[in-house]
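Participant: Structure provided below as structure tokens; questions to follow.
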Amino acid sequence: MSKNLEKTIISSCPHDCGGRCVLKVHVKNNTITKIETDDGEGTQLRACARGRAYRQRVYSPDRLKYPMKRTGERGEGKFKRISWDEALEKVSSELIRIKETYAPEAILNISYSGNTGTFLHNQLSLFRLLTMFGGFTPIWGSASFWGSLFSSETTFGTVTAGHTGDDIPNAKYIIMWGWNPAETVQKTNTAHYLSQAKEKGIKIVSIDPRFTDSAAAFANQWIPIRPGTDTAMIIAMAYVMIIENLHDKKFLEKYTTGFDKFEAYVLGTDDKQPKTPAWAETITGVKAETIEKIARQYAGNKPSKILTLGAPGRTAFGEQFHRSLSTLSAMTGNIGVSGGEPAAFGLPAVGLQPSAGTGLIARQMTGNLPEGARQRPALHITKLWDAILKGKEGGYPADIKMAYITNGNPVNQFMNSNKAVEALKKLETIVVHEQFMTPTAKYADILLPVNTQFERNDIIRPWQGGPYCIYMNKIIDSLYESKSDLEICTGLAKKLGLSGYNELTEDEWLRDFWEAAKDMTDSKPLPDYDTFKKEGVFKIKTDKPVIAFEKEIKDPENNPFPTASGKIEIYSEKLKERNTPDLPPIPMYIEPWEGKNDPLTKKYPLQLVSTHSKRRIHSNMDNMPWLNSLEPHVIWINSTDAEARGIVNGDNALVFNDRGKISIKVKVTERIIPGVVSLGQGAWYSPDKKGIDRGGCANVLLKDEHSPAGAFCSNTCLVEIEKGED
Amino acid sequence: MQIGFYFDQSRCTGCYACVIACRDWHDIKDTSIELRKIIPLEQGKYPDVKLSYISLSCNHCKTPACKEACPVEAISKRDENGIMVVDQNVCLGKDRCKMFCKEACPYDAPQFGETENSKMQLCTLCTDRLAENKNPVCVDACPMRAFDFGPIDELKKKYGEIKEVPGFVHSKQTEPSIIFKPRY
């Protein structure tokens, strides 16, 4: 075929939304001209606005083009072009200097989820390099769903605990609990399946501080609830079921452990506080009679689904939300049946499992490395800045001297951005791989340009599971002087004299992964590598929805749950032994800090929730005109709260607490519960000379703290808002 | 024959995939040009609220007011399918003309953009794609499968004749070629 003819090539989008959609990319003369989406057989994997806008990202004038070194102050954004050789020389000599002067763990590897579900090009390139180099301080935790992961592991012994989306229309009743897939996508086609359920006449309820796009499109009823209090409502629903004898006692006896202890807590046998709907009403703001009705409807319309992902669990004691929700699904016997849902981490057992994604890559990319190199104490993602500032004296495992940042924008996306800046200024060396001059990139000493997924080959799977995977074909040559993380790290390995870092071509790596992946799925046969690469999309044909724990319920003798007891652990012996404060062995409601009863409300009376915007993926694509022209970045406030402050729709406002101050336009709306304000996370941090963030970055306001199990508490935050200057 | 749209508003989540697909396919860099747009409508008082979206392009009206309003006859309507066409070589441009077409249109469909004396642009119904037997790009983009497209008489047979949703008034004068399934 002549090079001048336009052709179409299949790829996908690598960012962290949980969906994976088909991008059918038109290319002519090594230039991308248009992007279409799936028009193939089977349920089409249609892309959202963000995927459709990708051409503008690739050809953005703001792409980082060359390696650069910092010339101004950190954060000023002043850089000078240097050669790749000089850049790699500088980075490798700094790695050696820091390791020899201090210790390997003085190097903090902040490589996160900018590329997710990709087999080859992701944060593991640097992980492998630094491991071979002699170790580093790693990070742990997730800004998304740690409470859910923890709860699924604790309660069911696995995170493979969800149904495929095509099971949604099989429910008789659905609760969307703090769940807004219309904007977050979550899994490709989730919203499509919800609309099918609605059109079948299935009753759908949305429990959420906001009347979301999902609530508007799918729900028959919206129940506004105060952030951080969902667990109280769930436990009161359990109370109603117990008192009214609506729970499935046979199921509980056969498949679960410790329901009696949970029941005693719910009834208040020990603490003399029955967890009645009236008790929950004062906490949640949801009327007792509404709680009663929802409990009866959920228990009385079996099979019924509670669908959620992370938001209500991104709170002070977020794991309790997930633990209690799964308990509710066990109480109603909604586990192991089509139309039900364990209300746990939603990975369905189909397609390439995580072991074939991240785990497989981790094995391949870090295989044959000394075990000890991987065993350094990790820092939780909410504690990086505190750890840098306080070091060993503050009780942290290392004195950090250097940060190496890839696949992420931690100044923006981890809590307490002002503290992040203070911490980064303290370091001796900062290296960043990036595509754009992000708020984090501005703090780099050496800034290295990374290519996009259209400039390299990869394989991708939906990280929340799904019956397909996509070959992301290379479409154009790398623009400017950009390289992949793997290419950059390969260059560094040479400079560092590390042999064996990367002896394979991109194609050989992917071929190898694909062959290994074949052993890691029941979904057979997988096509051979070359066919897969050529066709681009591999959809697994399933004749019915995939249901979690079907065999554990049908034949429990031969199929115990993968927990210590072999049962669904409402009571967890493991948690009992762990003996961590505020991490009880049964699910409980625990009063959050920065909630409505915190004395701090006198100063900062409004609860802030930080949500996902439909026009960016976390902080990715906030700088694309096609997308950021769609909707202004605003903070939502209820009309009663706005009126009390003399604020009208469209006003500029200052939102603040002790951690920082942002300037942002206000949307006065009836779509949010009074007492709560809502801000889409991911807008780029842009502090002015007075330290006021003009970008409206939610993390300026968030407390750098995690829940006892490690959840990122981005919906636990108090602020005040006042009218700003025009 | 008149081609038109069916828009199932009950399905639309306001995700903008149609808008971006349109901008990309037609390579429209100027974000002030909205060949397709989303119109959100919030109604009611907390907690009894309603939210709906309308995704709208040129409605390729049966009796287009823009065509009548154009002083230089730059706007025409194809006989075979009723698609509106603007001849940019004839259009005077926004600085030399008072944008009579835009003023006449009940739906603000004619688009001019921000560059100096830019010429009018209109949804072409992806005439280039129709020639290849493909749907307009917005129709195939919708993750919610909210659109259908084809001869308006056939669409009416299939989906009924609801011509209005809150926020959209059916102009009896121009007769827009669009029918709806309302959310509320």
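Read the figures in this text as sums done on the coordinates, not as results from a lab. The model shown is predicted, which means the values in this text are computed figures rather than measured ones. For neighbour counting, all protein chains shown are included, and Cβ atoms are generated from backbone atoms with ideal geometry for every residue, glycine included.
Participant: Within 10 Å of each Cβ of A:626-632, how many other protein chain Cβ atoms are there on average? If you can, show how the numbers build up before the last one.
Facilitator: On the way: counts 8, 5, 1, 7, 8, 4, 0.
Taking the mean over all residues of the peptide, I get 5.
Participant: Express as a percent, rounded to the nearest 5, the fraction of DSSP beta bridges in the protein assembly as shown (both residues included) that run antiparallel. Please list the in-between numbers first.
Facilitator: Values: 62 of 109 bridges.
Taking every DSSP beta bridge within the protein assembly as shown, about 55 percent pair in antiparallel fashion.
Participant: Mind scanning A:K187/A:K703; A:K172/A:K203; B:K29/B:K119; B:K62/B:K163; A:K7/A:K539; A:K28/A:K474 and naming the pairs with a C-alpha gap bigger than 18 Å? Could you put the intermediate results ahead of the total?
Facilitator: Values: A:K187/A:K703 29 Å; A:K172/A:K203 7 Å; B:K29/B:K119 15 Å; B:K62/B:K163 14 Å; A:K7/A:K539 22 Å; A:K28/A:K474 13 Å.
From A:K187/A:K703; A:K172/A:K203; B:K29/B:K119; B:K62/B:K163; A:K7/A:K539; A:K28/A:K474, over 18 Å: A:K187/A:K703; A:K7/A:K539.
Participant: Quick one: Kirkwood hydrodynamic radius for region B:73-184, alpha-carbon pairs, angstrom, one decimal?
Facilitator: 16.0
Participant: So what are the ³J(HN,Hα) numbers for region A:218-226, from phi and the Karplus equation (6.51, -1.76, 1.60; θ = phi - 60°), rounded to whole Hz, Gly and Pro as x?
Facilitator: Working through the residues one at a time gives 10, 8, 8, 8, 10, 10, x, 9, 5 Hz.
Participant: So, one more: Would you mind checking the radius of gyration and Dmax of the protein assembly as shown based on alpha-carbon positions, in Å?
Facilitator: 27.7, 85
Participant: Just counting partner chain Cβ atoms within 10 Å, what average do the residues of peptide A:34-43 show around their Cβ?
Facilitator: Counting Cβ atoms of other protein chains within 10 Å of each residue's Cβ and averaging gives 3.
Participant: How charged is the neighbourhood of A:E591? Take every other residue with its Cβ under 11 Å from the Cβ of A:E591, and add Lys/Arg as +1 and Asp/Glu as -1. Mind dumping the intermediate values first?
Facilitator: Numbers: positive: A:K596; negative: A:D582, A:E594, A:D598.
So the environment of A:E591 carries a net charge of -2.
Participant: Using 31 Å as the Cα-Cα cut-off, could you pick out the over-long pairs in A:K261/A:K419; A:K254/A:K293; A:K723/B:K181; A:K426/A:K576?
Facilitator: Numbers: A:K261/A:K419 42 Å; A:K254/A:K293 27 Å; A:K723/B:K181 41 Å; A:K426/A:K576 40 Å.
Over 31 Å Cα-Cα: A:K261/A:K419; A:K723/B:K181; A:K426/A:K576.
Participant: What are the semi-axes of the equivalent ellipsoid for region A:441-486, taken as the square roots of 5 times the Cα gyration tensor eigenvalues, largest first, in whole Å?
Facilitator: Ellipsoid semi-axes (Å, largest first): 26, 15, 6.
Participant: Also: When chain B is modelled as a GNM with alpha-carbon springs shorter than 10 Å, which of B:E161, B:E34, B:E42 fluctuates the most?
Facilitator: Among B:E161, B:E34, B:E42, the largest GNM mean-square fluctuation belongs to B:E42.
Participant: Working from Cα positions, state the angle (0 to 90°, nearest 10) between the long axis of helix A:506-517 and the longest principal axis of chain A.
Facilitator: Compared with the principal axis, the helix lies near 30 degrees.
Participant: Considering every residue in B:44-52, what mean count of other chain Cβ atoms within 10 Å of its Cβ is obtained?
Facilitator: 6
Participant: Report, in degrees rounded to the nearest 10, the 0 to 90 angle that the Cα long axis of helix A:318-331 makes with the longest principal axis of chain A.
Facilitator: It works out to around 50 degrees.
Participant: So, one more: How about A:K567: which aspartates and glutamates have a C-alpha closer than 14 Å to its C-alpha, ignoring those fewer than 8 places off in the same chain?
Facilitator: List returned: A:E153, A:E253, A:E550, A:E552, A:D555, A:E557.
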